[in-house]
Amino acid sequence: MKKTMTAISVAALLSASSFAMAQDAGVGVDANAGVGVETPAVDATVNAGANAAASVDNSYDSLTSALSASASVDLAGVTEESQITIVLLSSLEGEATAFEEAFAANAEGATTLHSNVSGNTAINAKLEAEGYTADDVVAIKSNADGSVLVYVDDRS
């Protein structure tokens, strides 16, 4: 009798912990007489390039923030293996006034930025592949993961 009670207690504890784990995982559990778990088929493949591109903030506010640090961005670590994303100004949302004012006040920084971009083979290759030059670049944002956003003025 003692062994039976111990076995029932252990079974109850295991069932309760399975229920809690299944709840945390976001799967359905039937707590009636039996336990049933349904898991949908999930494709766990992650496309890093798509995720990096999806995280781009396409706003003039983001561009204006990147502008102030662009001249001092260290591009030495940007190589052919780096995720380099070209962001066209024509694709940005929001009001451009604050950016235009900050850009006009940052003429010296723009000269330094163009020089730094010209000296980076990987960024130049990406720009040329899309029909742009270092002189079209208005800002660069380097992310913690090593990816780089290159803001290009494609407005005529």
Check: Got at least one residue in region 47-54 being closer than 18 Å to Ala144 by Cα, at pLDDT 85 or above and surrounded by fewer than 18 Cβ atoms within 10 Å (Cβ to Cβ)?
Finding: no
Check: Do we find a residue being in the same structural domain as Ile140 (by TED's automatic domain parsing), of a type in the set (A, V, I, L, M, F, W, C) and within 20 Å of Ala144 (Cβ to Cβ) anywhere in region 103-114?
Finding: no
Next item on the list: Return the total of residues in region 112-140 being under 22 Å from Phe99 (Cβ atoms), touching an Asp or Glu at 6+ places or on another chain (Cβ under 8 Å) and among the hydroxyl-bearing types (Ser, Thr, Tyr).
Entry: 1
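Return the residues of region 108-156 that are among the hydroxyl-bearing types (Ser, Thr, Tyr) and either closer than 15 Å to Leu88 by Cβ or under 24 Å from the mean Cα position of the chain (by Cα) (or both); say none if nothing qualifies.
Our first condition is that a residue be among the hydroxyl-bearing types (Ser, Thr, Tyr); within region 108-156, this holds for 111-112, 115, 118, 121, 132-133, 142, 147, 151, 156.
The answer is Thr121, Tyr132, Thr133, Ser142, Ser147, Tyr151, Ser156.
The values are calculated or read from the model by the stated rules, or taken from the named source; none is laboratory data. Note that the coordinates shown come from a computational prediction; the quantities given were computed from them, not determined experimentally. All Cβ positions, even for glycine, are placed from backbone atoms using ideal geometry, and neighbour counts span all protein chains on display.
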